[in-house]
4 protein chains.
Amino acid sequence: MPVFVSPQKILFQHCDPARIVFYPRYFEIVNAVVEQWFEEAVGVSFAQMHMVREEGVPTLKTEAYFPAPSRLGETLQFSLRVIRMGTSSVDLDIRAECEGEVRVEVKITLVHISNITGKSKPWPDDMRGPMMNFITE
Amino acid sequence: MPVFVSPQKILFQHCDPARIVFYPRYFEIVNAVVEQWFEEAVGVSFAQMHMVREEGVPTLKTEAYFPAPSRLGETLQFSLRVIRMGTSSVDLDIRAECEGEVRVEVKITLVHISNITGKSKPWPDDMRGPMMNFITE
Amino acid sequence: MPVFVSPQKILFQHCDPARIVFYPRYFEIVNAVVEQWFEEAVGVSFAQMHMVREEGVPTLKTEAYFPAPSRLGETLQFSLRVIRMGTSSVDLDIRAECEGEVRVEVKITLVHISNITGKSKPWPDDMRGPMMNFITE
Amino acid sequence: MPVFVSPQKILFQHCDPARIVFYPRYFEIVNAVVEQWFEEAVGVSFAQMHMVREEGVPTLKTEAYFPAPSRLGETLQFSLRVIRMGTSSVDLDIRAECEGEVRVEVKITLVHISNITGKSKPWPDDMRGPMMNFITE
């Protein structure tokens, strides 16, 4: 099944004075899911990328929709799919549900770059292969 | 000129191990600009909204594009325009430049809600009027 | 054994341009550990506290020592002990180790308050009992 | 007058579901004040330190006291003094007041290090001199 899933708990630090998730914190959680996917499913951790390979995957663009609020203490089920693989970029679809309700729908484009030149760099084969497993046709 | 401008300095806390702004921090900065606009230009602060009126303006959706990275110590010139006024929502265009280079382009849809019911609520006239001044035709 | 343990992974979002944990993020992680302790060991979650009981446990004071830096991708073993139980406060000792090295030593005083009056409020028996189990003599 | 002052506004992103400042955010604000002091008063910005000199000033330890809560929209007057200058460390006293009430009292020990070796490094004269101006006897 080409989906990576990750449960994420809504903590006090994610919530705002209206007692719902403050949306920049959703992007922190989304980033934690992406980071977990790279380490556990793609096989190259952010630590290896940044500290050994001198590479990174900054976010070039994102579209996000938050159809319903999330509250302190809830656990959201995040799922990640690959929509498109480019030479040195990837489009991810990440969404989160709780109690049958969609809370977050995010599309995100990451670019694989060299941290030394700051320029984009084709995905190496050891990353491309596992990433392809998550392509949703 | 229907533009609200706000310079924002890139602090240590905004930057990641690649020494560029971590994109969830951009949304924190964007929110600070929106908050400043409500207080200084619209005339109703987040404090009044949340603590007196029991209202809020959560983000329903956003589209963001980060064409070039920003670095520690840079000052970004943010500008905010209103693209569309709805009955109880507003679409904002927020962008940031530094040294003639666009760093951030964000479209964001805010919904005016009651914090008591959690439901949307038409903009009151004291807010709608000043917001209309920032509409870009 | 009167110790609550929680492994916490150092994520990209915790690290600064020097590629080590930015110390305010340690306090976010410490708060996540405290939150987990209240839910899993004390038996009253932050969600119940804030949204049902209208109570909270703000931090009155803290002392923290960071003898060695932590890096992206490391997993820190946090341990929490109760040093002192007051009528409406508690002193916690929270520390974190990685590979036999102490990374974080934090003492923290929480005060149990009513979110309505903002005043301190004695611990209810259902919380005091389980908290006492973590007292280190 | 050996005091560095900086007004800091309490933003939505600093506040928690109890509608007061979440204490890890105080450390973000304190860091912003320290960063501003280094740039404006000491004369060496964090950007220069990290990106040119390959140096940093991580926090070795801190003691903080939060005698009263701060709320959304308030402006806190931060003041910074030097308590002790060491060979490669400095103890700062940073406090914040609002409406005649003390909200934050923080002591913090920073260590000047080489980002390459990770080891402490004596303050260079161009930094030591201006820092000495803020010593409170």
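The values are calculated or read from the model by the stated rules, or taken from the named source; none is laboratory data. Everything quoted here is computed from the prediction, not taken from an experiment. Backbone-built Cβ (ideal geometry, glycine too); neighbour counts: all protein chains shown. Just so you know, the surface numbers come from the protein's heavy atoms only, side chains and all, with ligands and any DNA or RNA stripped out. Shrake-Rupley method; radii C 1.70, N 1.55, O 1.52, S 1.80 Å.
Annotations for the structure displayed:
- In nanometres and ascending order, the distances from the D:Glu54 label point to those of the other copies are 1.2, 5.9, 6.0 (point 7 Å from Cα along Cα→Cβ).
- Percent RCO, i.e. relative contact order, over chain D, from Cα pairs under 8 Å lying at least 6 residues apart: 29
- Of the whole protein surface, B:Tyr23 contributes about 10 Å² of accessible area at a 1.4 Å probe radius.
- Low-density loop cleavage sites - GluC sites (Glu not before Pro) in region D:82-120, where at most 11 other Cβ are within 10 Å (DSSP): D:Glu99
- Interface residues of region C:1-16, defined as a loss of at least 20 Å² in heavy-atom accessible area between the chain alone and the complex of all protein chains with a 1.4 Å probe, are C:Lys9, C:Leu11, C:Phe12, C:Gln13, C:Cys15, C:Asp16.
- About the Cα centre, charge dipole magnitude for chain B (Lys/Arg +1, Asp/Glu -1 at Cβ), debye: 260
- When the solvent-accessible area of region A:4-137 is split by element, carbon and sulfur atoms take up 49 percent of it, the probe being 1.4 Å.
- DSSP bridge pairs, the protein assembly as shown: antiparallel proportion in percent, nearest 5: 95
- Heavy atoms of B:Met132 accessible to a 1.4 Å probe, total area in Å² rounded to 10: 90
- Copies compared at A:Lys9 - label distances in nm, ascending, label defined 7 Å from Cα in the Cβ direction: 1.5, 3.5, 3.8
- Closest Cβ on chain D to the rotation axis that carries it onto A (distance rounded to whole Å): D:Pro17, 3
- Solvent-accessible area per residue, Å², over the protein assembly as shown with all protein chains present [probe radius 1.4 Å]: 40
- When C:Gly43 is represented by a point 7 angstrom out along its Cα-to-C-beta vector, the spacings to that point in the other copies are 4.8, 5.5, 6.3 nm, nearest first.
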